[in-house]
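Bear in mind these aren't lab numbers, they're just calculated from the coordinates by the rules spelled out. Small disclaimer: the values here were computed from a predicted structure and weren't measured. Please note: Cβ atoms are built from the backbone with ideal geometry, for glycine as well, and neighbour counts cover all protein chains shown.
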């Protein structure tokens, strides 16, 4: 027997310096700190367009905490979905400006930019093609070079992440 969640609700990361990580996620992702738990050296953050209670939890473990690197057992990365390819281009520039950019690729149905937070936790910021445009990518996930200018020319303004919440509409006005 299996069960079928609808999506990942939130992620929680151990970080070496909670305040440094809070600065990173509030500056780069525009997240808002919605709750703090000083006894656990923890904070919970929400994305600006989220209808979720919190999207990311951070627990400070101090500088003695070891970070895992690619090729070891454990979490590889988190993927944050954007609504338009235009937002992906903006995210790329933000990651470049903050020294957080680590790469980019096309996976056919998704277009991805990669970065790392101050503790080396990797993340993906991605945009997904409209479902009806997946075509040959329906059951494949290639790793190829991302031609962001060409993708912008083709897909600019096309929203695919779904409806924003009422909370988002208020934030944008």
In square nanometres, what is one fourth of the surface area of the convex hull spanned by the alpha carbons of the range 7-62? 3.7 nm²
Along Cα→Cβ, 7 Å out, is where each label goes; now give me the distance between the ones at residue 153 and residue 33 in nm to one decimal. 4.5 nm
Peptide ranges 19-27, 151-159, 137-145 listed from the most packed, as the mean C-beta count within 10 angstrom indicates: 19-27, 151-159, 137-145
Take residue 63 and residue 102, extend 7 Å from each Cα along the Cα→Cβ direction, and tell me the distance between the two endpoints in nm. 2.2 nm
For residue 136 and residue 161, compute 0.36 nm times the residue count separating them, minus their Cα-Cα distance, and round to one decimal in nm. 6.9 nm
Report the far tail of the P(r) of the range 76-161, meaning the percent of Cα-Cα pairs longer than 23 Å. 17 percent
Which percent, nearest 5, of DSSP beta bridges in the range 76-161 are antiparallel? 70 percent
